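The values are calculated or read from the model by the stated rules, or taken from the named source; none is laboratory data. Because the structure is predicted, anything quoted here is derived from the model rather than measured. Cβ placement follows ideal geometry from the backbone for every residue including glycine, while neighbour counts extend to all protein chains displayed. Calculation scope for accessible area: heavy atoms of the full protein, side chains included, ligands and nucleic acids excluded. Shrake-Rupley method; radii C 1.70, N 1.55, O 1.52, S 1.80 Å.
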Amino acid sequence: TIDDKEFDIPQVDTPPTLESILNEPEDEDEPFILEDTCLLNTENIDAHSCETSSLASSDSGDLEMNATVHGSVLRRNVLKGISAQIVSAADKVDAGLPTAITVSNVIAVGTSHGLVLVFDQNQALRLCLGTTATGAEYGAVSALSINHDCTRLLCGFAKGQITMWDLANGKLLRTITDAHPPGTAILHVKFTDHPALAVCNDSGGSVFELSFRRVMGMRTCESRCLFSGSKGEVCCVEPLHAGLELKDHPISQYSLLAMASLTKILLIGLKPSLKVWMTFPYGKTDPASVPLLAWQFVAVQKTINPVLAFCRGDTIHFLLVKKDESGTIHVIKQRQLQLNCDLISLSWINPRTLVLMDSTEKLRVVDRPSQEELETVDMAELQLVYNSSHFKSLATGGNVSQALALVGEKTCYQSVCSYAGQIMYLGTKSVHIMTLRNWRERVDHLLKQEKFMEALSLAWSFHEGTAKAVLGLFADPAKRKGVVADKMVEILLQYVDRSLKKCPEQGKIQVMEQHFQDIVPVMVDYCLLLQRTDLLFNQIYPRLVENSVARGVFLESLEPYILSERIGCLTAAVMRDLLSYFQENGMMDSVEGCLVHMDITNLDIQQVVQMCWDNQLYDAMIYVFNSGMNDYISPMEHVVMGNKMLVYISCCLAGRAYPLGDIPEDLVPQVKNQVFEFLIRLHSVEAAQEEEVYPYIRTLLHFDTREFLNVLALTFEDFKNDKQALEYQQRIVDILLKVMVDNSDFTPSQVGCLFTFLARQLAKPDNTLFVNRKLFDQVLEFLCSPDDDSRHTERQQVLLELLQVGGVVQFDEERLLDLAEKAEFYQICEFMYDRKHLYNKIVDCYLKDPLRKEELFNYIHNILSMPGYSSEEKQLVWVKALQHVKDLVSINSAKTAELVAVHFADEVQSIITSLQVCSIGLDVEGLNPQTVLRLGPDLHELLVDLQCQFSPQQVTAFLKTSQDYRLEEAIQLHSIALKALQIPFEEESDEVQSLLRRVEEALHDIIALCQRSSHGLNQQQREVCVCVCVCVCVCPDCFSLSSALKELTMKVLNSMSSFIAPPAIIQRILQDPVYGKGKLAEIQGLILGMLETFNYEQVVLLSMQPNFNTLKSTKRIPLCPNLLHKQTRISVILNSYFMCSCGHLYHCQCLQRKEVGVLSERQYSWSCYKCTSNQGSRPADRSSEESSRSRSTSLAQVSRMLSCYVGMFFSLQMLSEATLDAQQTQAWDHFRTLYRGPSRLAVLTELTHSHGNERPGLSNPVHPGTGSIYHSENFQLKLSPPPLVEE
């Protein structure tokens, strides 16, 4: 016995019993009950849960829940009896600290000194197995396992021994020392479902099978190695255990064993023979993460099969094992579960719920189907026991691998065990047990915290079957809903009482209103979800009436539910209070909205009608008359006006109630007859003497003729076999004609609407209406009156609509066409011509109609291009369009050009000729880029001529985009236009700067033209183009005018440097007789600029020489040798080369020099020199004469064109009072005859060589002031006058 004095135990009146101690409630008054959920009656208990659905998904009014409420899922208990005895044993008998735990019908706890304490379900200590002496020899208990019938206990030790104990009497049955290699600790020892078979796993990473036998009274154990640690260390094993109810499962006979190594999962079968079923690698994981395994039988597709959950790190994988009808075993990978934490423990608590522990010792409850985390529990106070020392094998010298020792830092395999829906966790001084709360506990747990809204939300998820981890509910939906509904009613009543008690008694009224606005809508919503309006109005509302603020909030909260028709009937008391409250607070719109959605049979009709009349609630009044008194006529007589009357009549005639719902079927015919009788009344009830006949129809026609007739048209659709209704139909039509025809109060549009309505009705195959045809003729004359120009478009549209709906059969077509032409109703004419297929006459209609002329182009195009028209019809339209081409051009020249290009390409010449006579232009430039129109060069040149005369600013853009003109003719036309620029120089001498800008623009245009056309000119023609421009720009007499000419000169040289060699330009300048008396300094800047450009490009070329050598070494693309010459300009290399189709690359000037190109009408057509030389033929020879003649002609035209520019520059010289002497005049005349004198460049070259033998280049560049002859201002060229040559 325990000495009270020694332990200072206080005296108590009544000593507690062991049972009372064990059942002592925790902080939450929750007793510990060891329950086996696997053995519960599955017919009465439903552990099924579906996908989460928040209350917001239901059709609620004001209630809105954004987050799903799960409440507290786990019930946590501390086994105080076991915990106290573990601590006591460590103090009293030196049992040591706890190291391992296992649970079955009993709970066994191993200690660090080799003892095993066995407790029963009442936490009473039944057995103490082993001694401290044995513990000193074997080391700490490192693993425990109890067999399926709870008769045997296997105990593994840190030094490698294994013992078997009889749990009935505590007798030692076996001591196994040779089952595995010595010097390794036992990490796991597990019984299988086979009574004589177990497995063990040691710190060497090996796995062994232990077979227990008893032969002639001797107990033996045979060991077989299943997996060697040398192939990869296994650190976790888990056999599949099937309960008694699943012992006959087809998978149970194989004794499945899952093993987790550091790199993969292995699934093997021990029976009937050893077989590896599958392996599964982890992939990339953290080396310190712990491999985890857990089996569970799960219902999948109405069959129960085992599922293995395994993980290492933060990803849980699932493997389903099943056996098909043919007997084949399948292992199927299921959807994995991704978490954001490193796991150290993995356990199933039921087939749908996992309980996980991460490295921070937090429990996470996860629903596997939805992968939703239900709850998180902090277990830090547990002080979990880790098995690190066993994985490091410290008791045997630490002879383990570094990888296994690293994993062992966070292992707690022997500290967590699950059994029958319960999970136990072993701490250093206590044992904790986790079980699922049943549904009622979870709700009550929230109620204790006064979380009523969360409790209602959770209860509703139980009611709908959408909750997770459900325990203790009936499987039958009706029984489940009934039980949960009763609980929810109880919660609601508690919620009402609590809201009234917690209401602030003092303070602002807004605070009290907000308090009830947060609570009352929740109550209303859940009462409606439960379909318990009796609870809402008979129990909850009477309690809230005690507080005036709560009463007002309750009545206001009813409105959205009434409008959404979730509440259709109120009690008389609530209805009276509702109307009174709204009326008192001026919320009459809310009154009307609620009245039309409710059953008003229990109200005072007279009172309601009077209230509606006083506040002009017409919709509510109509609803009261219709629903309360079945009166559908009084609202039209006294209440309804305007558009509301049209809608009301439409509803009544269609069998629908106003403003919503349907008229009872037995009242529909009666209501229709009443409405028709009302409409055809001759006079109103209280008619005055001056009232016109048929006032109701007249009023509706004046209000909205079209809509009223549409209402009648919809109503007439239902009149087929009802004889009385057909009579009403004819009667109404007669009244309509009588009211509207010959009545000046109605506009043509209104009259047209009437006859359009009649035409539609008459066009029906089952028509029974009769209308005098003379009325249609009368309407036709009314609409086509040529004397009335007002509302012309409106009258035409009305008549067109009448014809389109079938009214054309009511008229004489010839007379109709004649009247339409006189009234200039061209759309009516088009309609009639289209019926007769006279499409060519429709063209005249478009031409005459000023509003639709632009549409004619699309119409002609559609007729000529779309199928469905005969060739004769298309030909007539084609001829008609050709006759009116002048009119088309005047309407839109661009669209006309498009039309001509598509459909009249062969008639372009004749069209142009006819337009020239009338001086009308065809906008060829406005063509669609996709339109291909092949015109001759003469037409393009004609367009250039016209643009030069009337639109000079467009000439340049056209020359850039078009290539179909002849260059010589285009230059001639351009030159004629440029001569006009000389006139302003002579007349406006005070605008020199403006003229210079115009000259610069013109020069820019001609340079661009030369560049675009340079491929069609030979070298001589190119030199003429450039050199004449340069000579004009650098004329000595022009220097006194402006420095802008120097800039123009450099612009010319830079623009044409890719086409003309600089020596040729200098030679042309020096040959000019104009410089016979000049000094070199006058052109010094020009020559030096050219030399500097040459030096710069030579540097760039030499820098790129290695790259070109590499390109040249490529065998696939042979290069022209001159292309890489060191004196070749870099701009020439980049812009003036040609690659043949055979792969050879040449310089364009080289090809021209070799005469391997054929000059066509506009450009050269090059051929490969190497290939043609090998073939012995030269394409250039075949057309040399033609090419020569073309070049000569081009040169002459270019000369004449440049002469115009010379004239412009001479005008500038005149402005600066400079004139040409006789020698200069003779030089320009001689230039026109293409004089070629001896080259003066040779003279400069000789002078240079005589001055110094070194050639200017990269190593010896020429700079000003170096003594070169070119930089001497006194240097003069001794030029003789040119010989006279007759033109």
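For residue 771, the conditions (1) over 54 Å from the mean Cα position of the chain (by Cα); (2) among the β-branched types (Val, Ile, Thr); (3) outside any loop (DSSP other than H, G, I, E, B) all hold with the exception of (3). With respect to being in contact (Cβ under 8 Å) with a residue 12 or more places away in the chain and not acidic (Asp, Glu), residue 217 falls outside the description.
Given the options 470, 511, name the one that is β-branched (Val, Ile, Thr) and at pLDDT 90 or above.
Exactly one residue qualifies, and that residue is 470.
Pairs meeting the criteria (first residue in the stretch 538-558 and open to solvent by less than 30 Å² (accessible area, probe 1.4 Å), second residue modelled with pLDDT of 90 or more and basic (Lys, Arg), beta carbons under 7 Å, at least 6 apart or on different chains) are 544/551.
Taken over the stretch 318-333, the residue count meeting the criterion of being closer than 19 Å to residue 281 by Cα and open to solvent by less than 50 Å² (accessible area, probe 1.4 Å) is 5. Are there any pairs with C-beta distances below 6 angstrom linking a residue in the stretch 483-502 that is at positive phi to a residue that is at pLDDT below 95, with the two at least 6 apart or on different chains, and if so which? Correct list of pairs: empty, since none qualify. With respect to the conditions (1) within 30 Å of residue 717 (Cβ to Cβ); (2) touching a Cys at 6+ places or on another chain (Cβ under 8 Å), residue 806 falls short on a single one, namely (2). Inside the stretch 418-435, residues that are open to solvent by less than 10 Å² (accessible area, probe 1.4 Å) and within 20 Å of residue 295 (Cβ to Cβ) make up a count of 6.
Taking residues in the stretch 619-630 that are free of Cβ contacts under 8 Å to residues at least 60 places away in the same chain and closer than 15 Å to residue 656 by Cα, and partners anywhere that are of a type in the set (Asp, Glu) and part of a helix (DSSP H, G or I), the pairs with Cβ atoms closer than 8 Å and at least 6 places apart or on different chains are 619/592.
Do you know which of the residues in the stretch 651-679 that are closer than 15 Å to residue 709 by Cα and at pLDDT below 85 is least open to solvent (accessible area, probe 1.4 Å)? The qualifying residue least open to solvent (accessible area, probe 1.4 Å) is 653.
When the test is whether a residue is modelled with pLDDT of 85 or more, of a type outside the set (A, V, I, L, M), within 22 Å of residue 686 (Cα to Cα) and touching a helix residue (DSSP H, G or I) at 6+ places or on another chain (Cβ under 9 Å), residue 619 does not pass it.
Taking the criterion of being under 57 Å from the mean Cα position of the chain (by Cα) and buried (at least 16 other Cβ atoms within 10 Å of the Cβ), the residues of the stretch 723-739 that qualify are 725, 729, 732, 733, 736.
Pairing residues of the stretch 436-449 that are touching a residue at least 40 places away in the same chain (Cβ under 8 Å) and farther than 24 Å from residue 419 by Cβ with residues that are outside any helix (DSSP H, G or I) and open to solvent by less than 10 Å² (accessible area, probe 1.4 Å), at Cβ distances under 8 Å and at least 6 apart in sequence or on separate chains, gives 445/437. Of all residues in the stretch 684-705, those that are surrounded by 14 or more Cβ atoms within 10 Å (Cβ to Cβ) and of a type outside the set (Ser, Thr, Tyr) total 7.
If I filter the stretch 780-796 down to residues being in a helix (DSSP H, G or I) and surrounded by 17 or more Cβ atoms within 10 Å (Cβ to Cβ), which single residue comes out as modelled with the highest pLDDT?
It comes out as 796.
Per this entry, residue 533 is not counted among residues that are hydroxyl-bearing (Ser, Thr, Tyr), surrounded by fewer than 18 Cβ atoms within 10 Å (Cβ to Cβ) and closer than 27 Å to residue 512 by Cα. When each of 819, 803, 838, 775 is tested for being of a type outside the set (Ser, Thr, Tyr), touching an Asp or Glu at 6+ places or on another chain (Cβ under 8 Å) and either modelled with pLDDT of 80 or more or open to solvent by 30 Å² or more (accessible area, probe 1.4 Å) (or both), the lone residue that passes is 819.
Of all residues in the stretch 876-890, those being farther than 15 Å from residue 910 by Cβ and of a type outside the set (Val, Ile, Thr) number 4.
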